[in-house]
Amino acid sequence: MGFLLDATPLEWDESLEVIRYVREHGIAQFIHLYNRIKDIEGDRLLWGDEVEYAIFKLDAERGTVKLSLRGAEILAGLQEGERSVPVGQQCNWVPEWGSWMVEGTPGMPYSGYATDLLLVEKNMRTRRARL
């Protein structure tokens, strides 16, 4: 498992050539991961959230909305901006599958304590404000 890399998706016909490989290796990876962690006990619960932001261009004069393919540009600006934010208050920005999208996650995972539930909405508002 990992973050989506900035790449070009396959066309449907191209994906049919590799779908069996992806399916078989996905199952093999799941079984390997399961066997590796199945006996872990007492591990700390860490969790997070993700918000996928779609980027649009609104033309109020014409009453139209269009997709804006500026995801990479906006992503670079967001990542640069996070460098000046103190540790613990940072957000993590990664590419999403469309060039008109970016994904925002908390900079640090939440813990298993109920008090962390109170941080989720604040962090989501922070990410929205940084856009």
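The values are calculated or read from the model by the stated rules, or taken from the named source; none is laboratory data. In this text, all values refer to a predicted model and were calculated from it rather than measured experimentally. Positions of Cβ are generated from backbone atoms using ideal geometry, with glycine treated the same way; all protein chains shown enter the neighbour counts. Areas reflect the complete protein model, heavy atoms only, side chains present, ligands, DNA and RNA absent. Shrake-Rupley method; radii C 1.70, N 1.55, O 1.52, S 1.80 Å.
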Which order do the peptides 80-89, 104-113 take when ranked by the mean count of other beta-carbon atoms within 10 Å per residue, highest first? 104-113, 80-89
Below 8 Å between Cα atoms, with a sequence gap of 6+, how large is the relative contact order for the chain in percent? 27 percent
Which entry in [x] 155; [y] 105; [z] 166 matches volume of the Cα convex hull per residue in Å³ derived from the coordinates of this structure? [x]
How would you classify region 7-67 from its alpha-carbon gyration tensor, with a ≥ b ≥ c the square roots of the eigenvalues: rounded for a/c under 1.5, else prolate if a/b is greater than b/c, otherwise oblate? oblate
Carbon plus sulfur, as percent of the 1.4 Å-probe accessible area of region 16-131, comes to 57 percent
How would you rank 50-59, 94-103, 70-79, highest first, on the average number of other Cβ atoms within 10 Å across their residues? 94-103, 70-79, 50-59
